[in-house]
Amino acid sequence: MNSCPAVTIMLSDAWLIARKDLKLEIRSRVALNQVIPFALLVLVLFAFALDPDRGLLEKATPGLYWIAVLFSGLLAMQRSFAVEAADGVTDALRLSGLTPSGIYLGKTLSVAVQLLVLEVLLGVGVAVLYGTSITGWLLLLATIVVATAAISTAGTLFGVVAAGLRVRETLLPLLLLPVLAPVLIGSTRAFEAALSGTPSEGWPWVGLMSVFAAVYVVAGIFGFGPLMEES
Amino acid sequence: MEPDDPTFRSVTAPVVHLRGAVALLGRFPALAGVDLDVDRRRIVLLRGANGAGKTTLLRALAGLVPITSGEAIVLGVDLRVDRRAVRHRVGLLAHGTGLYDELTVADNVRFWTRAARADSADADAAMARLGLDGRLSDVAVGRLSTGQRRRTSLACLLARRPELWLLDEPHAGLDKEGRDIVDDLVRDAAAAGATIILSSHELDRSIELADEIVTLGGGVALDEFVSGGDDHAQ
Amino acid sequence: MSGVLFAEATGTWPYVAAAWVVVFGSMGAYALVTVVRGRRLSKKVPPEKRRWS
Amino acid sequence: MTTETVGSVEASDSGPTSTGSRTTMILGIITLISLGVLVLFGLILSPADANQGEAVRIMYVHVPSATLSYVGCFLTAIGSVVYLWRKSRWWELVAYAGAEVAALFTALTLATGMLWGRPTWGVFWVWDARLTSEAMLMLLLLGYLAVRRLAADYEVRAKRAAIVGLLLVPNVFIVRQSVQWWRTLHQTPTLSLSGAEIQGLMLFSLFTGFVSITLVFIWMVIHRFRVAWLEEQVDAEGLDTAIAERRAEGLVS
């Protein structure tokens with residue numbers, strides 16, 4: 001099959017881009033200094049908004065957790081494309097010879113890694129601040145993996161749709177959040193199921209989110225080329 | 001009217017062949033029917049006032065700006081059919097640096113070298129050539145001076161080993177030593193078989209360097225426009 | 001029984017009327033806007049490019 | 001008699017300029033007649049429903065609007081696919097026209113759904129699976145339209161919009177599925193909007209609703225398409241003069 005070399009090139013390009021992005025994030029410390037504090041801030045704000053003594057916070061924990069992930073993840077995605085918009089980098093990427101699908105996968109991977117770090121920290125934050133007792137580890141982990149895949153695949157695709165436009169900061173949430181609504185519903189329900197000790201209710205949601213992520217990986221691999229073309 | 005008579009044309013196919021090439025920036029025809037032929041190993045200087053279309057011409061040759069009408073063949077690739085195919089074979093030094101500010105010089109050069117599927121030894125050689133080895137290579141690009149960034153961009157271009165060099169004001173922001181390096185690089189590249197098109201306001205320096213001079217104005221190549229008539233410019 | 005139904009029915013009519021007014025009003029307004037825009041733009045375009053007329 | 005008709009048709013072809021044509025004129029007249037029939041049956045001749053009472057009359061416009069909002073969404077997806085595949089501007093405009101009309105019908109579905117909910121459920125909004133899906137569809141369509149109406153080059157907005165438009169269909173499916181599971185897991189009584197058995201005159205009214213609103217939809221898409229097409233023409237028109245001006249610039253300097 002002659003598709004094999006193409007796949008290898010795509011994956012090695014993806015690896016190159018992901019390594020570059022993560023290195024850049026580690027160097028710039030924007031995630032560390034801004035995104036993570038923002039995420040924790042959201043958790044605290046929720047506690048202010050919902051009285052922690054009346055059990056509201058406890059009931060709403062899964063939803064609040066995922067909303068915090070979504071909003072702080074949105075910042076990470078904005079950032080992921082702001083980096084590529086700097087000073088002629090967009091042109092350099094187009095000229096580089098990197099395959100668009102490889103760039104897509106690489107950026108997805110780096111966003112996913114950042115999201116995972118964020119989710120772990122938020123998880124600790126929730127457990128400590130909201131006093132959530134954690135049960136159903138397997139379902140929780142599966143949900144985190146699948147939801148992260150779903151958010152990063154869709155986020156990267158819509159990130160490039162909004163990239164390079166003057167209105168990108170406002171356009172990305174408008175495009176992305178309705179699309180991610182099923183992921184929010186699914187991950188929240190799955191977390192509720194896990195925490196309430198009825199994991200069997202949660203697995204269909206994991207399936208749904210897997211389908212979602214698969215749709216977006218395919219769309220991203222094929223759609224990124226034409227999208228990168230026009231700035 | 002003496003349009004390109006076949007006998008005058010080089011035996012080998014030209015690296016760049018434009019006929020009546022039009023490129024739009026939004027609705028503005030930045031290129032309004034450019035005719036240009038450049039043979040292999042030539043060093044061509046583009047000159048013209050600000051807004052004459054120099055930058056757009058270079059970007060169009062790199063396959064970044066679509067040619068909406070006319071003929072446009074670069075390195076044997078018809079840009080109107082597939083302008084992506086030419087991109088990895090050209091090197092464009094643009095106004096933007098094309099560098100990540102947070103990464104070091106070495107990181108940047110190695111990343112773009114690997115992206116072009118070139119050897120990372122090339123990256124080191126290119127950095128050495130531009131005087132970026134040693135202490136400078138571990139400095140984040142964001143902390144470099146304009147001239148040092150320019151050198152880093154040039155190192156990225158050099159390491160890619162492009163067949164067609166498109167240099168948009170390569171001398172701008174460089175000191176005397178840097179300009180000499182640029183001129184040497186250009187001559188060496190041409191000697192090694194590459195083709196170079198550069199725009200510059202450093203006319204004394206560039207005219208000496210160039211084999212040919214093309215003057216742009218109003219989005220057309222004026223020399224050709226005046227002598228060639230407008231029959232093939234449509 | 002019939003009295004209850006009648007009361008319920010009169011209570012519902014305003015909603016029915018509102019729904020139909022909204023539907024017909026919006027469709028009409030949209031159609032009008034589209035036609036007006038079309039007329040204005042048509043004046044700027046030579047007839048041979050308006051392939052439908 | 002015949003010459004007169006022919007003459008008047010010719011006059012209307014060259015004279016008044018609009019997005020109308022003879023076909024759309026006839027379509028428009030048929031549409032208006034069918035809407036009249038819809039009013040007659042839906043509001044006057046058909047009886048009130050045993051369960052829903054008079055509120056059932058809202059169904060005759062609500063259900064067709066909901067269906068057509070999804071039809072418009074599919075039209076947009078198809079247009080986007082063909083545009084990306086064949087670079088067909090024609091289909092790109094179909095996608096655009098479809099999305100805008102779909103957004104109108106989605107808004108109407110939401111409005112009529114809420115007006116039906118108030119007398120039936122006592123509140124304007126319940127988190128019913130269908131209503132929620134429809135609201136999400138509205139947001140997705142608004143996203144598409146926001147991209148399509150960007151102040152950017154045609155290629156930029158068309159390509160980006162086409163990707164968003166292409167993803168409308170999978171998005172709608174996934175959203176519907178998730179919203180449905182979400183509601184059923186919580187055992188809320190899902191009141192289906194068209195669940196009641198409908199017979200006789202009521203069925204005929206609903207049928208009339210489908211026919212007439214579909215006709216409205218077709219008429220709107222055609223006209224909206226033509227308006228979009230004209231906009232493209234106006235945009236492209238000044239190009240020759242712009243090129244000439246640009247060249248003159250060079251000769252002067």
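The values are calculated or read from the model by the stated rules, or taken from the named source; none is laboratory data. For clarity, every value in this text was computed on a predicted model and none was experimentally measured. Note: ideal-geometry Cβ built from the backbone for every residue, glycine included; neighbour counts use all protein chains shown. For the accessible areas, the whole protein counts, side chains as well, though only heavy atoms, and no ligand, DNA or RNA atoms are used. Shrake-Rupley method; radii C 1.70, N 1.55, O 1.52, S 1.80 Å.
Tabulated data
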| read-out | value |
| --- | --- |
| Most mobile of B:G51, B:G70, B:G33 in a GNM of chain B (Cα contacts under 10 Å) | B:G51 |
| B:S69 accessible area, 1.4 Å probe, all protein chains in place, Å² to nearest 10 | 50 |
| Chain D: most fluctuating residue of D:R157, D:R86, D:R224 per GNM, C-alpha cutoff 10 Å | D:R86 |
| Interface residues, the stretch A:82-97 - accessible area loss of 30 Å² or more versus chain alone, probe 1.4 Å | A:D87, A:V89, A:D91, A:A92, A:R94, A:L95, A:S96, A:G97 |
| Sequence-separation-based contact order of chain A, relative, with Cα cut under 8 Å and 6+ spacing, percent | 26 |
| Pairs of alpha carbons in chain D whose separation is greater than 24 Å (percent) | 59 |
| Chain A: projected area of the alpha-carbon convex hull, averaged over directions, in nm² | 13.3 |
| Normalised contact order of chain D, rounded percent, pairs of Cα under 8 Å and 6 or more residues apart | 29 |
| Buried on assembly, the stretch D:37-60 (at least 20 Å² less accessible surface than by itself, 1.4 Å probe) | D:V39, D:L43, D:E54, D:R57, D:I58 |
| Residues in the stretch B:37-51 that a label on B:I207 would reach, taking backbone N under 20 Å of a point 7 Å out along Cα→Cβ | B:43-50 |
| Amide H contacts of B:V65 (H built 1.01 Å from N, under 5 Å, at least 5 apart or other chain) | B:A60 |
| Rg(Cα) / (2.2 N^0.38 Å) computed for the protein assembly as shown, rounded to two decimals | 1.14 |
| Solvent-accessible area per residue, Å², over the protein assembly as shown with all protein chains present [probe radius 1.4 Å] | 43 |
| Value of [θ]222 nm, deg cm²/dmol, for the protein assembly as shown, DSSP H segments ≥ 4, -39500 (n - 2.57) each, nearest 500 | -22500 deg cm²/dmol |
| Chains C and D together, accessible area buried on both sides, 1.4 angstrom probe, square angstrom | 3600 |
| Considering only chain B, percent of DSSP beta bridges that pair antiparallel, nearest 5 | 55 |
| GluC sites (Glu not before Pro) lying in DSSP loop within the stretch A:1-89, provided at most 11 other Cβ fall within 10 Å | none |
| Pairs of Cα atoms farther than 21 Å apart, the stretch D:75-169, % | 38 |
| Residue-level accessible surface for D:M25, protein heavy atoms, 1.4 Å, Å² | 120 |
| Most mobile listed residue (A:V69, A:V128, A:V211) in chain A, GNM with C-alpha springs under 10 Å | A:V128 |
| Protein heavy-atom accessible area occluded, B/A pair - total, 1.4 Å probe, Å² | 2400 |
| Fraction of antiparallel bridges per DSSP, the protein assembly as shown only, in percent to nearest 5 | 55 |
| Extended-chain gain in nm, criterion 0.36 nm per residue less alpha-carbon gap, A:V128 and A:L45 | 28.4 nm |
| Equivalent-ellipsoid semi-axes of chain B, from the Cα gyration tensor, Å, largest first | 32, 17, 17 |
| Accessible carbon and sulfur surface of chain A relative to its total accessible area, %, 1.4 Å | 71 |
| B versus D: buried accessible surface, summed, Å² (probe 1.4 Å, to nearest 100) | 1200 |
